[in-house]
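Peer 1: Right, I'll just put the structure down here and ask away after.
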Amino acid sequence: ANQEARPVAMIVQVASRYDSRVHMESGNIRANVKSIMGMMSLRVGNGDQVFVVTEGSDEEAAAQELELYLAAQ
């Protein structure tokens, strides 16, 4: 379980640098990316399709950095 917590914590850190609201959707679950507990509830596996939704003043920058981070995983 610890291995999984680390990438989640990193994603939360990345998202938290931005003012925008950041959500991630997988299947029918939607989680606040700035919340570790929210992200843990997603239970995303390798190869699962994930959608990142950003809303706010710096949404494009937030989406770009998160996509780059997720692509590197």
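The values are calculated or read from the model by the stated rules, or taken from the named source; none is laboratory data. As the structure is a prediction and not an experimental result, all values here were calculated from the model. Neighbour counts run over all protein chains shown; Cβ positions are idealised from the backbone, glycine included. We work out accessible area using only protein heavy atoms, side chains counted, and drop any ligands, DNA or RNA first. Shrake-Rupley method; radii C 1.70, N 1.55, O 1.52, S 1.80 Å.
Peer 1: On the basis of being aliphatic (A, V, I, L, M), under 9 Å from the mean Cα position of the chain (by Cα) and open to solvent by 40 Å² or more (accessible area, probe 1.4 Å), does Leu66 make the cut?
Peer 2: Considered against the rule, which asks whether it is aliphatic (A, V, I, L, M), under 9 Å from the mean Cα position of the chain (by Cα) and open to solvent by 40 Å² or more (accessible area, probe 1.4 Å), Leu66 comes out as no.
Peer 1: Within region 4-11, is even one residue open to solvent by 50 Å² or more (accessible area, probe 1.4 Å) and touching a strand residue (DSSP E or B) at 6+ places or on another chain (Cβ under 6 Å)?
Peer 2: Scanning region 4-11, I find no residue that is open to solvent by 50 Å² or more (accessible area, probe 1.4 Å) and touching a strand residue (DSSP E or B) at 6+ places or on another chain (Cβ under 6 Å), so the answer is no.
Peer 1: Across region 36-62, which residue is most open to solvent (accessible area, probe 1.4 Å) among those that are of a type in the set (A, V, I, L, M) and without any contact (Cβ under 8 Å) to a residue 24 or more places away in the chain?
Peer 2: It comes out as Met37.
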